[in-house]
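Here is the structure we will look at, set down as structure tokens.
Bear in mind that the values in this text are calculations on the coordinates, not laboratory data. Values in this document were obtained by computation on a predicted structure and should not be read as measured data. Here Cβ is always computed from backbone atoms with ideal geometry, including for glycine, and neighbour counts include all displayed protein chains.
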Amino acid sequence: MTLVDTVQVTSIMLGLAVGQRTLEHLASPKDRLLFLPRLIPCVMLISGWHIDWAVWALFAYGIVLLHRFDGPYNGGSDKMTMLIVTCLSAYHLAPSERWQEMAMAYLAVQLVLSYFVSGYIKIIKADWRRGEALQDVFRFSAYPVSDRLRGWADHPRLLWLMSWCVMGFEVLFPLALLHPWLLTLGLLIAATFHLANACLFGLNRFFWIWLCAYPSLIWFQDRVIG
């Protein structure tokens, strides 16, 4: 995958992801006027029309929303959105191809760190190593999950195993850069993990926006390491 292809694919996926969450806000009358204009740059990204202006518009819009909600109102998915938008904005402002590569490489490295750091923070905590943290997630989750799903909290051995699977995958994710096949496998597992969170807890925004960063990592592995 070339750098240009990477930027084009990332831009289209970003337009779809941000457009999807924007449409969700249109169901609320109080949010409609705030979020409706964001559909314009999303459509521009999807259609490939002036994608440089589109990402700059999304960057400016992101700053406005950060000020409006006094920070990322949707947590990690908003942070990843701003990271992708910022890197694409830097790409289109870069004075040379070398700096364009630096912008997309930064996105790829941050994606790898998002998994590794998350796993490291979990693995140094005793409640995660014992599986108790995941028990609490199922037992006391504020998300609208079924009683049957909350019943998973009564299976400590299963959740202990699930905890170590999650932590192990996250801390070992950087090793996926060693070979294209390992990266393909790693991204499939990561996407499945996000999809499971979307299905179980309704964290659909994490699924879509994290996938938007995957093309940069595929390019990075081929360009820098492969």
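All C-alpha to C-alpha distances of the stretch 1-75, sorted into 5 Å bins beginning at zero, yield P(r) values of 3, 16, 23, 26, 17, 9, 4, 1, 0 percent in whole numbers. In straight-distance terms, cross-link reach from Lys122 covers every one of the aspartates and glutamates whose alpha-carbon lies under 15 Å from its own, apart from those fewer than eight places away in the same chain; here that gives Glu132, Asp136, Glu170. Sorted fewest first by neighbouring Cβ atoms within 10 angstrom, His194, His67 come out as His67, His194. Considering the stretch 78-118 at the alpha-carbon level, its Rg and Dmax are found to be 10.8, 34 Å. Between helix 3-25 and the chain there is an angle of about 70 degrees, using the helix long axis and the longest principal axis of the Cα atoms.
Pairwise alpha-carbon distances in the stretch 95-226 exceed 16 Å for 67% of all pairs.
Approximating the spin labels as points 7 Å out from Cα along Cα→Cβ, the Asp136-to-Leu113 distance works out to 2.7 nm.
Per the Kirkwood formula applied to alpha carbons, the chain shows a radius of gyration over Rh ratio, Rg over Rh, of 1.00.
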